[in-house]
Amino acid sequence: MKVTGFSFIRNAIKYDYPIKQAILSILPICDEFVIAVGKSEDGTLDLIKSINPKKIKIIETEWDDSLREGGRVLAEETNKAFQAIGNDADWCFYIQGDEIVHEKDHDAIRKAMLQYKDDKRVDGLLFKYIHFYGSYNHIGTSSRWYPHEIRIVRNDKSIYSYRDAQGFRKGDNQKLNVKAIDAYIYHYGWVKDAATMQSKQEIFHSLWHDDAWLEKNVGKKDKYDYYKDIDTLALYKGTHPKVIQETIRNSNLDFDYDINFNRMTLKEKFKAFARKYLGLDFSYKNYKLI
């Protein structure tokens, strides 16, 4: 079985993306890794080159910043990396620049890839998610945070990155048939110092919206207000992946939120009750579970 990891990135240092840790977190279970590195304003290309030159293939790209509808440019960059994967790979392991896999899940991931390698009904493998918010100690628990997503796909070039690169589809807009596995993606995209987070919000939303929308909804500020949109958070009780632990030790984030101030709407209370006691899941599903 051959496994190729793939990703895309631009301005990782400027916007504090833990792309090095993301790659290192899955490299032990990948035979090689392909990454599309967009023309950057910092040392992103040199950073990627420093990781593991023998195992990582870099494709230098230039983003089409005119694609400002629905984050389409992110899917385009993902597809550039995916299409560059050789035909000899069985599985393709996708990881975004702010996502990390815990080493404790490596065995379960490898086992699932072996189990379904020859089952052509299975287009991909579905991961569970932990979304950190504001700090390495708080996680999002409301329905606004997607609970699952596809991160391993079969090496079938009819598969492509969908919309803003969150998930995948195949052929004529068909959802992928997937198997859920007992493994997590640790999402750290909402853990940055407030100034960097504000800068990221400004550039990130420019991939979705026009200037008028940006001025009205994001604006120009010195720091991002982490406290303004909180609904429900919980304290994280588990361990972090080894590759991110040094970053955590050296961080000085000042987000300090008391979960007793959580604000849960009636709609959220109903969803939480239905999920916990009735086993109902109302989240958006860009896949078919088999």
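Observations
- In the chain, the DSSP-assigned H stretches of four residues or longer account for a calculated mean residue ellipticity at 222 nm of -7500 deg cm²/dmol, using -39500 (n - 2.57) per stretch and the full residue count as denominator.
- Largest first, the three principal axis extents of the alpha carbons in segment 29-78 are 36, 25, 13 Å in whole numbers.
- Spatially proximal aspartates and glutamates relative to LYS192 (Cα-Cα < 17 Å; intrachain offsets below 8 disregarded): ASP16, ASP98, GLU99, GLU202, ASP222, ASP225, ASP229, GLU246, ASP254, ASP256
- In the calculated pair-distance distribution of segment 1-113, the portion above 20 angstrom amounts to 38 percent of the Cα-Cα pairs.
- Estimated translational D of segment 76-208 in µm²/s (Stokes, Kirkwood radius over Cα pairs; 4 °C; 1.567 mPa s): 80 µm²/s
- Reachable aspartates and glutamates from LYS39, criterion Cα separation under 14 angstrom, eight or more residues apart if same chain: GLU60, GLU62, ASP64, ASP65, GLU77
- More than 17 angstrom apart: percent of Cα pairs within segment 96-169: 55 percent
- Charge dipole of the chain about the Cα centre (unit charges at C-beta), most positive-ward option of ILE109, PRO28, VAL73: ILE109
- Each part reduced to its alpha carbon centroid, segment 129-190 and segment 54-82 end up 17 Å apart.
Where a number appears in this text, it was derived from the coordinates with a stated rule and is not lab data. Keep in mind that this is a model prediction, so the values were computed, not measured. Glycine gets a Cβ as well: all are built from the backbone with ideal geometry, and neighbour counts include every protein chain shown.
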